[in-house]
Amino acid sequence: MFSWLEQFINLERGQRPKSFLLERMEFLTELAGHPERCAPSIHIAGSKGKGSVTGMLAAMLTASGFRAARYMSPHVIDIRERICLGDSYFSEEVYCSAGDVLRYIAEERLPAAGNPLFDADAPNGCEPTFWELLTLLFFLCARCADCDVMVVETGMGGRLDSTNVLDPLISVITLIELEHTAILGGTIEKIAGEKAGIIKKGRPLILAKQGNEALQVFKKKAEEKNSPLFYFPEIAELSNIKISPQGTDFTLSISHPSFIPHSSFAVPLPGKVQAENAALAIVALKIAMQVYSRENSGSEEAHKEICNETICLGLSNFKIPGRFEEIGETPRFIIDGAHTPESLTLCIETFCSLYGEGGILIFGCAADKDASAMAGIAHSHFTKIIITTPGSFKASNPSHVYETFVKIAGQEKTALVEDTREAVKLAVDLAINKNHFGNQLPVLGTGSFYLVSEIRKIICL
């Protein structure tokens with residue numbers, strides 16, 4: 001099924017349809033009998049942290065007894081990571097049954113319908129995209145598996161994203177940064193405007209801390225939609241954050257009257273940012289369940305308890321590849337899909353606080369990323385920086401990234417090894433041979449989830 005999907009236009013590979021139109025996805029879901037309505041949903045957008053928030057929400061719902069379908073991207077090991085039941089894959093029967101319906105719709109019903117939006121010869125038409133069909137496959141899997149709730153991450157933006165056919169219980173928006181500027185716009189305000197497209201009439205918005213430009217966009221949209229706004233810095237506070245290689249402990253204080261004032265939690269991922277992600281997910285879960293209980297008071301699920309014990313259990317069970325993941329001990333080898341300047345800053349801060357300055361960096365990013373900004377962030381923290389190819393999935397230019405890093409970090413510190421396997425071998429050799437006060441140097445692989453995926457395969461398989 002997944003190999004069949006590869007024949008379609010894939011925006012992640014840089015292929016572009018003639019237009020981005022939500023009407024295309026609305027037509028597909030209509031042909032499928034509206035599987036996006038099979039269960040209540042929580043919709044998540046943002047520039048950084050949205051994958052972790054999505055996964056944490058699904059893990060906490062699963063611990064509370066819900067059959068929670070989870071949709072997120074990208075995958076690191078297996079494409080089925082994008083379409084899951086909790087933090088596990090659906091059964092093969094579910095994927096196959098949903099896949100059969102998907103192929104029937106794409107190969108039989110859609111051509112027979114004659115919709116010009118899916119006609120490659122029409123002015124604004126093209127064939128169905130990989131992302132549209134993958135999103136539809138997720139909805140079909142959730143329906144086939146009789147899920148209680150869907151936790152859905154947007155792919156890109158929000159307003160025109162194929163997931164935006166949902167009418168969710170709540171919308172969640174994480175921190176906004178400049179990203180995908182060629183498609184979403186070149187300013188924070190424009191990008192925030194696209195993300196704000198997931199805010200639905202009368203549905204609460206749970207919003208992470210934002211810069212003023214983005215915050216004003218979200219406040220205006222929430223007011224237009226009559227959407228209750230829960231702005232995290234105004235209703236909650238994090239304290240007592242303690243970071244170790246095993247994870248992050250924190251205290252969450254919430255001023256909302258229906259919440260317990262403050263409680264202690266832990267998430268098995270190191271970093272202050274993961275405490276922030278977990279706290280946002282907890283607040284979102286509490287508000288979503290209030291909406292759900294109000295609207296489904298007669299259902300069995302409405303009476304399932306979301307208590308601190310199940311929240312703690314869910315967070316303790318949370319796992320997601322490629323998010324500050326330790327994949328080796330000799331030398332200490334960490335991978336993290338930090339692909340924006342802000343996320344790279346937080347990643348390096350956590351890495352250096354745990355393992356010290358002067359380690360080895362393997363870096364690779366897609367051609368559309370700000371390599372100069374990331375070189376400025378990274379160069380002073382590492383003994384050696386190895387630039388490599390971030391997989392073959394997206395267009396990249398390792399030579400240009402290398403030249404950019406050389407200008408900032410210098411030629412002696414920087415190396416270009418385009419073959420990722422050779423880059424990993426060099427990093428490991430340097431880490432073992434260039435001992436730091438008698439200890440092996442730590443290695444960090446980052447800059448792209450696609451690079452993280454390649455490194456993980458090399459080290460772990």
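What's the total number of residues in region 421-452 that are farther than 19 Å from Ile348 by Cα, out of contact with any strand residue (DSSP E or B) (no Cβ under 8 Å at 6 or more places or on another chain) and of a type outside the set (Lys, Arg)? Within region 421-452, residues that are farther than 19 Å from Ile348 by Cα, out of contact with any strand residue (DSSP E or B) (no Cβ under 8 Å at 6 or more places or on another chain) and of a type outside the set (Lys, Arg) number 8.
Residues of region 311-338 that are under 13 Å from the mean Cα position of the chain (by Cα), buried (at least 24 other Cβ atoms within 10 Å of the Cβ) and assigned to a loop (DSSP other than H, G, I, E, B): Gly322, Arg323, Gly337, Ala338.
Those residues that are closer than 14 Å to Cys141 by Cβ, hydroxyl-bearing (Ser, Thr, Tyr) and in contact (Cβ under 8 Å) with a residue 24 or more places away in the chain, I need them from region 51-90; list them, please. Working first, answer last.
Taking region 51-90 first, the residues closer than 14 Å to Cys141 by Cβ are 58, 67-72, 79-86, 88-90.
If we keep only those that are hydroxyl-bearing (Ser, Thr, Tyr) too, we end up with 71, 88-89.
Hit for region 51-90 is Tyr71, nothing else.
Against the list (1) under 21 Å from the mean Cα position of the chain (by Cα); (2) surrounded by fewer than 19 Cβ atoms within 10 Å (Cβ to Cβ), the condition Ile176 fails is (2). Would you be able to say whether some residue in region 447-461 is modelled with pLDDT under 90, out of contact with any Cys (no Cβ under 7 Å at 6 or more places or on another chain) and of a type outside the set (A, V, I, L, M, F, W, C)? The answer is yes; a qualifying residue exists. The single residue among Lys242, Lys219 that is closer than 23 Å to Val273 by Cα, touching a strand residue (DSSP E or B) at 6+ places or on another chain (Cβ under 8 Å) and basic (Lys, Arg) turns out to be Lys242. Under the condition of being more than 23 Å from the chain's Cα centre (by Cα), assigned to a helix (DSSP H, G or I) and crowded, with 23+ Cβ neighbours inside 10 Å, the residues counted in region 376-401 number 1. For Met56, the test of being crowded, with 19+ Cβ neighbours inside 10 Å, farther than 22 Å from Gly158 by Cβ and at pLDDT 95 or above is failed. Checked against the criterion of being in a loop (DSSP other than H, G, I, E, B), assigned by TED's automatic domain parsing to the domain that holds Leu31 and surrounded by fewer than 21 Cβ atoms within 10 Å (Cβ to Cβ), the candidates Ala120, Ala112 yield just one match: Ala120.
Scanning region 22-46 for residues that are in contact with a strand residue (DSSP E or B) (Cβ under 6 Å, 6 or more places away or on another chain) and at negative phi turns up Ala39, Pro40, Ser41, Ile42, His43, Ile44, Ala45. Every listed requirement among (1) more than 17 Å from the chain's Cα centre (by Cα); (2) modelled with pLDDT of 95 or more; (3) in a helix (DSSP H, G or I); (4) of a type in the set (A, V, I, L, M) is met by Ala279 save one, (1).
The set of residues in region 342-370 being of a type outside the set (S, T, N, Q), over 14 Å from Ser244 (Cα atoms) and assigned to a helix (DSSP H, G or I) consists of Glu342, Leu344, Leu346, Ile348.
Return the residues of region 133-154 that are buried (at least 24 other Cβ atoms within 10 Å of the Cβ) and in contact with an Asp or Glu (Cβ under 6 Å, 6 or more places away or on another chain); say none if nothing qualifies. Matches in region 133-154: Phe139, Thr154. Restricting attention to region 35-47, the residues being surrounded by fewer than 22 Cβ atoms within 10 Å (Cβ to Cβ) and either among the charged types (D, E, K, R) or outside the structural domain of Asp167 (by TED's automatic domain parsing) (or both) number 1.
The values are calculated or read from the model by the stated rules, or taken from the named source; none is laboratory data. All values reported here derive from a predicted model rather than from experimental measurement. Note that we place each Cβ from the backbone using ideal geometry, even for glycine, and neighbour counts take in every protein chain shown.
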